[in-house]
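Structure, as C-alpha cells:
The values are calculated or read from the model by the stated rules, or taken from the named source; none is laboratory data. Computed from a predicted model, the values in this text were never measured in an experiment. Cβ: placed from backbone, ideal geometry, glycine included. Neighbour counts: every protein chain shown.
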Amino acid sequence: MNIGQASLGFAVVLVMGGCHRSRNSAAPVADTSVVQGNGFVIYSPARPSKQKEKDSSSVRFRVPSAQELSGVLKDPLGAVIANLKMEVTCAGVKKAAETDLYGKFNLGSVQPGECTFTFGPGPWLAPTIKCTTESCLVEQRLTLKRGMDKIIEN
C-alpha cells in the first residue's frame, strides 16, 4: 500500500464512521479544522497551503473538563523534538512550557473552556489535539510548515 492509498483509506473510514468535517463555534480561528464524531473532536491546523503564516503555529480547541495537558512531541520521522517552546491559554490563564531532551512537555492543569495552543517561531505547525468528554490528547507527530522541509546543503 502506498501513501496515497493509505490517505484514501483513512478518508473512507472517516466518512463511513459518520464523522464530518466542519467549522465549529468552539474553534473560531479561521485556520483551525474540526472533525467530530464517535464521542471525540479533533482540532487541527488547516492544511498549510490554506493557512496564513502568522496563524499556522496556533490551534484553538475546547477543553471539556479540568485536566493536565502534557505529552511528547516528535518530528515526522519519529525523533523527539527537544527545547521546543509552547504556550497554552485556557479560560484567560496563560501557561508556558518547553520540551525536555526526551521531547516531553507538561503545561500543568488547564481549566475547561476555549483554549489556544501556540508554538513560538519555528518550522512546526501547531499539533492536532483530540478531545473527548474526559480529556484532550496532543498528537505526538508534528508537521513542518510548508516550504520548511527542504534540506539546505553547505
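Could you go through segment 102-109 and let me know if any residue there is touching a Cys at 6+ places or on another chain (Cβ under 8 Å) and at pLDDT 90 or above.
Looking only at segment 102-109, we keep the residues that are touching a Cys at 6+ places or on another chain (Cβ under 8 Å), and these are none.
There is no residue in segment 102-109 that is touching a Cys at 6+ places or on another chain (Cβ under 8 Å) and at pLDDT 90 or above.
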Filtered residue count, segment 55-100, keeping only those that are free of Cβ contacts under 8 Å to residues at least 60 places away in the same chain, under 18 Å from Glu114 (Cβ atoms) and in a loop (DSSP other than H, G, I, E, B):
3
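When you look at Gly9, is it over 13 Å from the mean Cα position of the chain (by Cα) and either modelled with pLDDT of 95 or more or more than 22 Å from Leu144 (Cβ to Cβ) (or both), yes or no?
On the way: over 13 Å from the mean Cα position of the chain (by Cα): yes; either modelled with pLDDT of 95 or more or more than 22 Å from Leu144 (Cβ to Cβ) (or both): yes.
For Gly9, the condition - over 13 Å from the mean Cα position of the chain (by Cα) and either modelled with pLDDT of 95 or more or more than 22 Å from Leu144 (Cβ to Cβ) (or both) - is met.
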Across segment 108-136, the tally of residues that are surrounded by fewer than 16 Cβ atoms within 10 Å (Cβ to Cβ) and either among the β-branched types (Val, Ile, Thr) or in a strand (DSSP E or B) (or both) stands at 5
So, in segment 106-140, of the ones that are of a type in the set (D, E, K, R) and under 9 Å from the mean Cα position of the chain (by Cα), which residue ends up farthest from Leu84 (Cα to Cα)?
Lys130
